[in-house]
Amino acid sequence: MLPLLLFLVASAAVHHAAADVPPSNKLIFILAGQSNMAGRGGVTGTRWDGIVPSPDCSPSPSVLRLSPSLRWEQAHEPLHQGIDGNRTCGVGPGMAFANALLRSNGASGAAAIGLVPCAVGGTRMAEWAKGSELYTDMVRRAKVAVETGGRVGAVLWYQGESDTVRWADANEYGRRMGMLVRDLRADLAMPHLLLIQVGLASGLGQYTEVVREAQKSLKLRNVRFVDAMGLPFQDGHLHLNTQAQVQLGHMLAQSYLTYGTSTH
């Protein structure tokens, strides 16, 4: 009886271990920037309403998240919980993006979509420069993500609201963004890495249009622009609401489906 029991326990352990091993052919996306990428959909003050639009943001066995402790796990809202400091996160564009890709068979034969959340609210572009803690952490997470197999499909970037406050930051936005793209491509050894940047829908200061023009004017190969301007806000002026985040996820997915397959 004891040998049989030991066999059953060992079998269960092997099965559990196998279930924890992520598929080796993942299509991986790096999600970076500030609060609108981290997601504030459904957040009022320090409370998230817990509403997860179905099926757009529903969990799926085929959508994984790289956790703060660098382990793959099934992704679910709020996707950036534990990544964006102690801030309250809600719905962002990531889950809607991944589910839209799955529905359109846009995963290019991959067994799973791997999301690597890296966004941190309130950050300026200068804080993402090479050598900074944010940049170093993003590159480290991206490298760990591919260690178990798979490839990076794109970086999804939504940032710049904090750069609308000071003229110096707004004026330097284009140059700093260009350097970020070049540094990422070099450090990930991916010279043709696709980056899809989201055009600002809002800003914290008076230079929103200056940053938007810098975003639209960035002339780098395989850098695409998706415009969030006009999407509805959660708080009336800064953060996109849940409906807007779902729509943005769909827009990012369409951009990847249009441009992503041609970059590999």
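The values are calculated or read from the model by the stated rules, or taken from the named source; none is laboratory data. It should be emphasised that the depicted structure is a prediction, and the values quoted were computed from it without experimental measurement. We place every Cβ from the backbone using ideal geometry, glycine too, and count neighbours over all the protein chains shown. Accessible surface is based on the protein model in full, side chains and every heavy atom, while ligands, DNA and RNA are left aside. Shrake-Rupley method; radii C 1.70, N 1.55, O 1.52, S 1.80 Å.
Counting helices only, and only those DSSP H runs with n ≥ 4, report the 222 nm mean residue ellipticity of the chain as the sum of -39,500 (n - 2.57) divided by its residues, in deg cm²/dmol to the nearest 500.
-12000 deg cm²/dmol
How big is the shadow of the Cα convex hull of segment 148-247, averaged over all directions, in nm²?
The Cα convex hull of segment 148-247, projected and averaged over all directions, gives 7.3 nm².
Rounded, prolate or oblate: pick one for segment 72-183, where a ≥ b ≥ c are the square roots of the eigenvalues of its C-alpha gyration tensor, a/c under 1.5 means rounded, and failing that, prolate if a/b is larger than b/c, else oblate.
Verdict is prolate for segment 72-183.
Can you list the HN-Hα couplings for segment 136-141, worked out from phi with the Karplus curve (6.51, -1.76, 1.60; θ = phi - 60°), rounded to whole Hz and with x for Gly and Pro?
So the Karplus estimates, Gly and Pro as x, are 4, 5, 4, 5, 4, 5 Hz.
With every protein chain kept in place and ligands, DNA and RNA left out, what is the accessible area per residue of segment 66-203? Probe 1.4 Å, answer in Å².
Here the residues of segment 66-203 average 36 Å² of exposed surface.
Near K143, which lysines are there with a Cα under 21 Å away, not counting those fewer than 8 places off in the same chain?
Within the straight-line cut-off, K143 pairs with K26, K130.
Can you run phi through the Karplus equation (6.51, -1.76, 1.60; θ = phi - 60°) for segment 64-77 and list ³J(HN,Hα) in whole Hz, with x for Gly and Pro?
10, 10, 7, 6, x, 8, 6, 10, 6, 8, 5, 7, 7, 6
Report, by chain and number, residues whose modeled amide H sits under 5 Å from the one on L194, excluding near sequence neighbours (fewer than 5 apart, same chain).
Excluding prolines and chain starts, which carry no amide H, the hits are V155.
So what are the ³J(HN,Hα) numbers for segment 186-197, from phi and the Karplus equation (6.51, -1.76, 1.60; θ = phi - 60°), rounded to whole Hz, Gly and Pro as x?
6, 6, 9, 6, 10, x, 10, 3, 7, 10, 9, 9
How high is the relative contact order of the chain, in percent, with contacts defined as C-alpha pairs under 8 Å that are six or more residues apart?
So the answer I get is 24 percent.
Would any residue of segment 112-154 have its amide N under 11 Å from a label point 7 Å out along Cα→Cβ of D187? List them or say none.
Label zone hits: 128-143.
Considering amide H positions built from the backbone, and no H for Pro or chain starts, which residues 5 or more places from L79, or on another chain, come under 5 Å of its amide H?
Correct list: G92.
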